[in-house]
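Let me begin by presenting the structure, written as C-alpha cells, before commenting on it.
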Amino acid sequence: MEVTQIVLANRPKGNPTKENFRFEKIELPALKEGQVLLEPQFFSVDPYMRGRMNDAKSYTPPFQVDAPLEGGVVAKVVESKSEALQPGDVVLGALPWATQSVADAKKLQKIDTSLAPASYYLGILGMPGLTAYFGLLDIGQPKEGETVVVSGAAGAVGMVVGQIAKLKGCRVVGLAGSDEKAELLKKEFGYDEVINYKTTQDLRADLKAACPNGVVIYFDNVGGEITDAVITLINFHARLAICGQISHYNDEKPQQGPRFLPLVLTRSALIKGFIVSNYHARFPEAMQQLGAWVKEGKLHYQETILQGFDQLPDAFLGLFTGQNQGKMLVKV
C-alpha cells in the first residue's frame, strides 16, 4: 500500500522553514502478528519537536534526516493482527507523520471517545493537560491566596495551568502575545490579569502592577526576557516550574541574559525543570482528575485545528509565531 509521509529534509539553522520538510511516497510493509494498520485522525504539533530537529543529545532522541517526523497521534484501527485491538478502535500513540502507518499494538493506548472528544487526548487529557497538572501541583504546590504567573498563558499548557490555579484559590496573571488572547484568557479561562508582552512599554512595571503582593509561583513556558522580568518579583520561598523555553528553541548561539541565581538564593526560592514523562507512573491519577474537572465544567479548553495532512508543516511553524490559541492540531 502506498502512503505519503513527511520527512526531515535537513536540519534547520535558527528558525525552521518549509524547506526543512519533504513529502514523499513509500510502500507500507505487510502486517505482522501483534501489529495494526492505522489511519490518523488528529496529529499533535508541539514546541518540543523543534529540539528533536537538532542533532543533539536531549531527553528524547533527535529526528533523523530523511526519516519521518513523529509525534502524538490519535488514529483509528483499520486492520488488526492483534487480539488487543479491533478494527474501529481509536488509539493514541507516538506515530510518524504519514497518511497511514503500521504499529505494534502494545505501544498504543486505546481511548474512549464517549468520555471526551478524540482530540482532547492530545490536549487537556493528554500531554499538555498532564504537564499543567504535575508542574503546577507537584512543583508549584499552590495555596489559596498566592499569586501565580504563567508565561505562554494562551498555549495548550498555559490555559490549563491558569484554570487549575484558580480552582486552588490563587490569583492568576498570564502573559500572552495579543490583545485577543488576553481577552480570551480573562473571559473564558478565569485569568485575573493578562499582559500583552508584545505591546507593553515596560514589562516589569506592568507585572509589578498586576502582582502587588509579588510572585509566589511562576510556571514558565517561554524563558527569555519574560522570565528575566518575572524573576525580579519573586517572593521568599517562591516556586518556579520550568516547563518550556520556546523563546530559545531557535537560537543559533546561547543568549546572554541576567544572572538571577542571587535572587533565587536570597529569596530561598525553588527552581525546578521537569519533563512530563517524569510522572509516567501517576498518569492515571492525573487523567482521572482532569477528566472529572472537564465533566463537571470546571475546566474548559480551546483548540486551533488546521484541516488536511499537508498542513502539518504550517501548523508546526505556526507555534513559533503565536498562531495557536490553546492546542495546535491537524485534522485529517
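The values are calculated or read from the model by the stated rules, or taken from the named source; none is laboratory data. What you see is a predicted model, and the numbers here were worked out from it, not measured in a lab. With ideal geometry, Cβ positions are generated from the backbone for all residues, glycine too; neighbour counts draw on all protein chains shown. SASA here: full protein model, heavy atoms, side chains in, ligands and nucleic acids out. Shrake-Rupley method; radii C 1.70, N 1.55, O 1.52, S 1.80 Å.
Filtering the range 55-97 to residues that are charged (D, E, K, R) and touching a Pro at 6+ places or on another chain (Cβ under 7 Å) leaves Asp55, Glu70, Glu79. Scanning the range 115-159 for residues that are over 11 Å from the mean Cα position of the chain (by Cα), farther than 24 Å from Val230 by Cβ and touching a residue at least 60 places away in the same chain (Cβ under 8 Å) yields Leu115, Ala116, Ala118, Ser119, Tyr120, Leu125. Between Ile164, Ile195, the distinction of being in contact (Cβ under 8 Å) with a residue 40 or more places away in the chain and either under 26 Å from Val294 (Cβ atoms) or not charged (D, E, K, R) (or both) belongs to Ile164 only.
Just to be sure, is Tyr249 of a type in the set (Ser, Thr, Tyr), farther than 30 Å from Lys208 by Cβ and touching a helix residue (DSSP H, G or I) at 6+ places or on another chain (Cβ under 6 Å)? No, not satisfied. Only one of the listed residues (Gln302, Gln245, Gln255, Gln311) is open to solvent by 20 Å² or more (accessible area, probe 1.4 Å), at pLDDT 95 or above and within 29 Å of Lys18 (Cα to Cα). That residue is Gln311.
Within the range 231-253, the set of residues being closer than 13 Å to Thr266 by Cβ and of a type in the set (Gly, Ala, Ser) comprises Ala238 only.
Only one of (1) within 16 Å of Leu312 (Cα to Cα); (2) free of Cβ contacts under 8 Å to residues at least 60 places away in the same chain fails for Val77. Which number is that? Against the list (1) within 16 Å of Leu312 (Cα to Cα); (2) free of Cβ contacts under 8 Å to residues at least 60 places away in the same chain, Val77 comes up short only on (1).
Inspect all residues belonging to the range 37-55 and state whether any of them is among the basic types (Lys, Arg) and more than 18 Å from the chain's Cα centre (by Cα). Looking through the range 37-55, none of the residues is among the basic types (Lys, Arg) and more than 18 Å from the chain's Cα centre (by Cα).
The condition (being assigned to a loop (DSSP other than H, G, I, E, B), among the small types (Gly, Ala, Ser), open to solvent by less than 50 Å² (accessible area, probe 1.4 Å) and out of contact with any strand residue (DSSP E or B) (no Cβ under 8 Å at 6 or more places or on another chain)) is satisfied by just one residue among Gly14, Gly88: Gly14. The set of residues in the range 49-69 that are open to solvent by less than 10 Å² (accessible area, probe 1.4 Å) and part of a loop (DSSP other than H, G, I, E, B) comprises Met53, Phe63, Leu69. Checking each residue in the range 296-313 for being in contact (Cβ under 8 Å) with a residue 12 or more places away in the chain and among the charged types (D, E, K, R) picks out Lys298, Glu303, Asp310. Of the residues that make up the range 262-285, is at least one aliphatic (A, V, I, L, M), open to solvent by less than 80 Å² (accessible area, probe 1.4 Å), in contact (Cβ under 8 Å) with a residue 40 or more places away in the chain and closer than 23 Å to Ala154 by Cα? Yes, because at least one residue in the range 262-285 is aliphatic (A, V, I, L, M), open to solvent by less than 80 Å² (accessible area, probe 1.4 Å), in contact (Cβ under 8 Å) with a residue 40 or more places away in the chain and closer than 23 Å to Ala154 by Cα.
The set of residues in the range 95-117 that are at pLDDT 95 or above and among the small types (Gly, Ala, Ser) comprises Ala98, Ser101, Ala103, Ala105.
Of the strands (runs of 3 or more DSSP E) entirely within the range 230-332, those holding at least 1 residues that are touching a strand residue (DSSP E or B) at 6+ places or on another chain (Cβ under 8 Å) and under 30 Å from Lys143 (Cβ atoms) occupy 234-242, 270-273, 327-331. Of all residues in the range 91-116, which are open to solvent by 20 Å² or more (accessible area, probe 1.4 Å) and within 30 Å of Leu8 (Cβ to Cβ)? Listed by number, the residues that qualify are Leu92, Ala94, Pro96, Thr99, Gln100, Val102, Asp104, Lys106, Lys107, Leu108, Gln109, Lys110. The one condition from (1) open to solvent by 50 Å² or more (accessible area, probe 1.4 Å); (2) farther than 23 Å from Glu2 by Cβ that Gly72 does not meet is (1).
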